[in-house]
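K.L.:
Can you keep this structure in mind? I'll have questions shortly.
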Amino acid sequence: MPNQINVADISVKVRVAIPNHINIADISAKISDDEAAGQSFVSTVIVLVCSGEYSKHSLPALVTVCAELSTQHSYLEGLWISAINSPAQCGKLPEGTDWWRSLSLFVILLLRYQCFNLWWLIYYVIYPYLYKFSEYEWPANGHVAHLMLALFTEVEYAAETQTLDAAIGSHSAFRHLDADRRALKPVRFTTMLKLLIRNSAVEKDIPPAHQHLQPLAVLKSICSQTWVPELCLSSPEKLVDSHLVDREITPHNAQSLLHLICNPAAPDLPSTEPKELIGNILKTMDRWTMRSLIRSTLLISLPSPRIWRSD
């Protein structure tokens, strides 16, 4: 654990980073000699961001400092991921859930400055949350659900990101998340979607204000993005073999997931009666699409005794 002197010293230096009065070289020297000081730096930043001490106008200065230090000290990448996964370990956080929004926006900026890569965030933060979803009592780790919406939809952050783009968009390392999303391997991204639809059956007492963070709601929001079908359908054989035909999800959920990927605007899964399914495929033979091909492959691949069950 970081010692108290480092925590206090780093904390003071980070707090004066509004707007541009921080001595990056000074902090860089400290965290280079003492990784505990690096932990202190990361923890202090996370707590300050979650506490709302940085507005969207002053946040770019802090992010610039974090990006410069992360470039100079690669070990900070792992510390950022760990802190994002368990922000409560960084220090005392505000009551309630308002800090989820502040943290998510900050994470987006760190990603766009390439302080760490998107795959690390999925593997070390999102996957563990989804695999253990049934064990959490709301709102424990709810910030991860909010983070997923922020990372893969950005709908809630349109105004903020426009302001921040104007402030720091000219930085040489700054780039949009779209490139990182499209660079994901389809199998990794689809694993996340599969876990979301599996968790949709888990009942949790989530208040009305946070219903949009329910697994199925998050899944629908993500699948509504135009880049999602392009990514998921780029390898149809892997989509079926590695994900849709899987004992971890029911055949009905497999069909529902494919339906959401291909028809995000359609509210419900069409009939699962064999004749109607095959009839729909035959009707589209004259305009054969990737969706029809994958769907027919899925029908053939799923275990025949269970394929027509709706559960």
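All of the numbers you see were taken from the coordinates with simple rules; none came from a lab. Bear in mind the structure is a predicted one, so any value in this text is a computation, not a measurement. Here Cβ is always computed from backbone atoms with ideal geometry, including for glycine, and neighbour counts include all displayed protein chains.
K.L.:
Output the peptides 25-38, 249-262, 86-99 sorted from most to least packed, where packing is the average of other Cβ atoms within 10 Å over each peptide's residues.
P.N.:
249-262, 25-38, 86-99
K.L.:
Which whole-Hz ³J(HN,Hα) couplings does the stretch 143-149 yield from phi under the Karplus relation 6.51 cos²θ - 1.76 cosθ + 1.60, θ = phi - 60°, glycine and proline marked x?
P.N.:
Coupling constants for the stretch 143-149: 5, 6, 4, 5, 5, 4, 4 Hz.
K.L.:
Given a cut-off of 18 Å, name the pairs among K194/K238; K185/K220; K194/K220 whose C-alpha atoms lie farther apart than that in the structure shown.
P.N.:
As for pairs spanning more than 18 Å Cα to Cα, those are K185/K220.
K.L.:
Next question. Calculate I(q)/I(0) for the stretch 57-159 by the Debye formula, one identical point scatterer on each C-alpha and no solvent, and give its log10 at q = 0.17, 0.22, 0.24, 0.25 Å⁻¹ to two decimals.
P.N.:
-0.81, -1.36, -1.56, -1.63
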